[in-house]
């Protein structure tokens, strides 16, 4: 995997969200959790590349959603995010299969019934690890999320060690 690719995607995300520190920080935190979980869960290089890029860009549709729908609701993010992400990624000449998977993950990252791979699973867990803090989940909400959505050993350990 090309580390410069990930660094360039991070930079493009920051430019896109310019001055929206909350969104930039959210993306950076989700990316960090996703990369750490993926590394400890031993994802292959291609899965890691897909996950890293998807985690950086998972909420990229929010700005457009707020303009179009006056909402940042997850289903709107899923509608708007993939095309924005693909536009940001066009200069990197990624393989079509990689772009397709990134688009799928961004376009479904709030549709937990569609989790169909370890990359998707880790993206969801990383996003929850950040959202639990940012949205001030209660102990009961954390327990429900853990039981319903966390599957990886690393994600469960992080959740338990950080929040329980």
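The values are calculated or read from the model by the stated rules, or taken from the named source; none is laboratory data. Predicted, not measured: the structure shown is a model, and the values here were computed from it. Ideal geometry is used to build each Cβ from the backbone, glycine not excepted, and the neighbour counts take in all protein chains shown.
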Q) So which residues in the stretch 34-45 are surrounded by fewer than 23 Cβ atoms within 10 Å (Cβ to Cβ), touching a helix residue (DSSP H, G or I) at 6+ places or on another chain (Cβ under 7 Å) and under 22 Å from residue 11 (Cα atoms)? A) 35
Q: Residue by residue through the stretch 1-16, note down the ones that are in contact (Cβ under 8 Å) with a residue 12 or more places away in the chain and in a helix (DSSP H, G or I).
A: 5, 6, 8, 9, 10, 12, 13, 16
Q. With respect to residue 146, is the statement that it is in a helix (DSSP H, G or I), within 20 Å of residue 29 (Cα to Cα) and in contact with a helix residue (DSSP H, G or I) (Cβ under 6 Å, 6 or more places away or on another chain) true?
A. yes
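Condition check ((1) within 29 Å of residue 157 (Cα to Cα); (2) out of contact with any helix residue (DSSP H, G or I) (no Cβ under 7 Å at 6 or more places or on another chain); (3) at pLDDT 95 or above) across all residues:
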| site | (1), (2), (3) |
| --- | --- |
| 70 | no, yes, no |
| 76 | no, no, no |
| 82 | no, no, yes |
| 109 | yes, no, yes |
Q | Within the stretch 152-164, considering residues that are exposed (fewer than 13 other Cβ atoms within 10 Å of the Cβ) and modelled with pLDDT of 95 or more, the one nearest to residue 44 (Cα to Cα) | A | 153
Q) If only one of 59, 119 is closer than 15 Å to residue 16 by Cα and either under 15 Å from the mean Cα position of the chain (by Cα) or at pLDDT below 95 (or both), which one is it? A) 59
(Q) Whether any residue in the stretch 93-101 is at pLDDT 95 or above, under 24 Å from residue 155 (Cα atoms) and surrounded by 18 or more Cβ atoms within 10 Å (Cβ to Cβ) is what I want to check. (A) yes
Q) Among (1) in contact (Cβ under 8 Å) with a residue 24 or more places away in the chain; (2) in a helix (DSSP H, G or I); (3) surrounded by 14 or more Cβ atoms within 10 Å (Cβ to Cβ), which single condition is residue 109 missing? A) (2)
Q. If you check residue 19 against the conditions, is it more than 25 Å from residue 159 (Cβ to Cβ), more than 12 Å from the chain's Cα centre (by Cα), free of Cβ contacts under 8 Å to residues at least 40 places away in the same chain and in a loop (DSSP other than H, G, I, E, B)?
A. yes
Q) Going by the structure shown, is residue 102 touching a helix residue (DSSP H, G or I) at 6+ places or on another chain (Cβ under 9 Å), more than 21 Å from residue 32 (Cα to Cα) and in a helix (DSSP H, G or I)? A) no
